[in-house]
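Colleague: Please read through the structure below; I'll follow up with questions.
The values are calculated or read from the model by the stated rules, or taken from the named source; none is laboratory data. Predicted, not measured: the structure shown is a model, and the values here were computed from it. With ideal geometry, Cβ positions are generated from the backbone for all residues, glycine too; neighbour counts draw on all protein chains shown.
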Amino acid sequence: MKKIISLLMAMLLVTSLLLAGCQQQETKMKNIRLIEVTHSIFYAPQYVALEKGFFEEHGLSVELTNGGGADKCMAALVSGEADVAFMGPEASVYVYLQGREDHAVNFAQLTQRDGSFIVGREKDDTFTVEKLKGHTILGGRKGGMPLMALEYVLKQSGLTPGVDVNVRTDIQFDMMAGAFQSGEADYTTLFEPLASTFELQGNGYVLESVGALAGYIPYTCYSSLGSYIEKNPDTIQGFANALYEGMVWVDEHSAQEVAEVIHPQFADSEVDFLAKIVQSYKNINAWNPDLVLGEDGYNKLIDIMKTAGEIEEGAPYDKIQTSEFAVKAKENYKK
């Protein structure tokens, strides 16, 4: 009897030690509240990092929410409801120019092309941007990167927004798909998987990639308030490390393999459907391989914002971004 009791006590001791170890492991995980501008296959490297456990390997537990627009993401960041916001870097410029002392600082750039597609109501294998003349297109929120990139493409094609093309800015970013489906406008711009889903459902046809037409633009970046970065440099570095690993994984694997990994993020879609979209983003070189927001790219962003009439002067490059974490992420990476 004494032996049985001793054995049970030993088992209880081992179990309690294991539980304590697990609890200690959990307490070491740093929780990150990440808000993204929209949930899109365009951000495949981020979802690979989540699904492959790269964030956990760096001691981070990521709580992901969909902000439905850069303005909402920035509001969440400034109010303290989010630790990291994933959105266009133009939002950081606006906040800095408003004079906010503790402004948002971009520490990693994920995408280097616009990720939206022009969707029309009729199939057109010979579509060109010039065909938008005399028509109405839903362009997104005024001052947002999707709208500015679209207007940049229109101007490059010799079309003046508001004169040659009616570019509507009165519909919220996350409401554009529903508005187009209900009959608003002749064309719209949509991100994936919404654009291809529309085509599958017969609600529209994907005609052209805005990203392919616009060329390089520092389109979406990860940012945190300067105060948060200063207090949590190890957390930001771990975040950047995980993102870089996700970026490399996407680059080194096929679209089919990427689709299989990110499928839980888009469970309503078939893997082959996702793979087709991933390949379309690979084809336009959508992702920034080193995560660094370069000065040349930033200057192009400022030029686009000025041309759009949103700002008169830009913000200093070294105030809007820090390359430290992206550079170290590449250095830390081990194959």
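Colleague: What are the residues in region 191-238 that are among the small types (G, A, S), surrounded by 22 or more Cβ atoms within 10 Å (Cβ to Cβ) and part of a loop (DSSP other than H, G, I, E, B), if any?
Modeller: Answer for region 191-238, where residues must be among the small types (G, A, S), surrounded by 22 or more Cβ atoms within 10 Å (Cβ to Cβ) and part of a loop (DSSP other than H, G, I, E, B): just G204.
Colleague: Name the single residue, out of those in region 163-190 being touching a Leu at 6+ places or on another chain (Cβ under 9 Å) and among the β-branched types (V, I, T), that is surrounded by the fewest Cβ atoms within 10 Å (Cβ to Cβ).
Modeller: Checked region 163-190; the qualifying residue surrounded by the fewest Cβ atoms within 10 Å (Cβ to Cβ) is T169.
Colleague: Oh, and also: Consider L274 carefully, then state whether it is under 29 Å from Q98 (Cα atoms) and in a helix (DSSP H, G or I).
Modeller: Numbers: under 29 Å from Q98 (Cα atoms): no; in a helix (DSSP H, G or I): yes.
In short, no.
Colleague: Looking only at region 50-68, how many residues end up being crowded, with 22+ Cβ neighbours inside 10 Å and either in the same structural domain as L194 (by TED's automatic domain parsing) or within 13 Å of the chain's Cα centre (by Cα) (or both)?
Modeller: So the count comes out to 1.
Colleague: Output yes when any residue across region 150-161 is over 24 Å from I236 (Cβ atoms), of a type in the set (V, I, T) and in contact with a Gly (Cβ under 9 Å, 6 or more places away or on another chain), and no when none is.
Modeller: No, region 150-161 contains no residue that is over 24 Å from I236 (Cβ atoms), of a type in the set (V, I, T) and in contact with a Gly (Cβ under 9 Å, 6 or more places away or on another chain).
Colleague: Ok, one more. Of the residues V93, V14, which single one is of a type outside the set (D, E) and either at pLDDT 95 or above or crowded, with 22+ Cβ neighbours inside 10 Å (or both)?
Modeller: V93
Colleague: Now for a separate question. Does Y96 fit the bill of being assigned by TED's automatic domain parsing to the domain that holds K282 and of a type in the set (F, W, Y)?
Modeller: yes
Colleague: Could you check region 108-141 and list, in sequence order, the residues that are surrounded by fewer than 22 Cβ atoms within 10 Å (Cβ to Cβ), closer than 30 Å to M74 by Cβ and without any contact (Cβ under 8 Å) to a residue 60 or more places away in the chain?
Modeller: T136 - this is the single residue of region 108-141 that is surrounded by fewer than 22 Cβ atoms within 10 Å (Cβ to Cβ), closer than 30 Å to M74 by Cβ and without any contact (Cβ under 8 Å) to a residue 60 or more places away in the chain.
Colleague: Exactly one of (1) crowded, with 22+ Cβ neighbours inside 10 Å; (2) in contact with a His (Cβ under 8 Å, 6 or more places away or on another chain) is unmet by V278. Its number?
Modeller: With respect to (1) crowded, with 22+ Cβ neighbours inside 10 Å; (2) in contact with a His (Cβ under 8 Å, 6 or more places away or on another chain), V278 is out only on (2).
Colleague: Among the candidates F198, F191, single out the residue that is closer than 23 Å to N285 by Cβ and modelled with pLDDT under 95.
Modeller: F191
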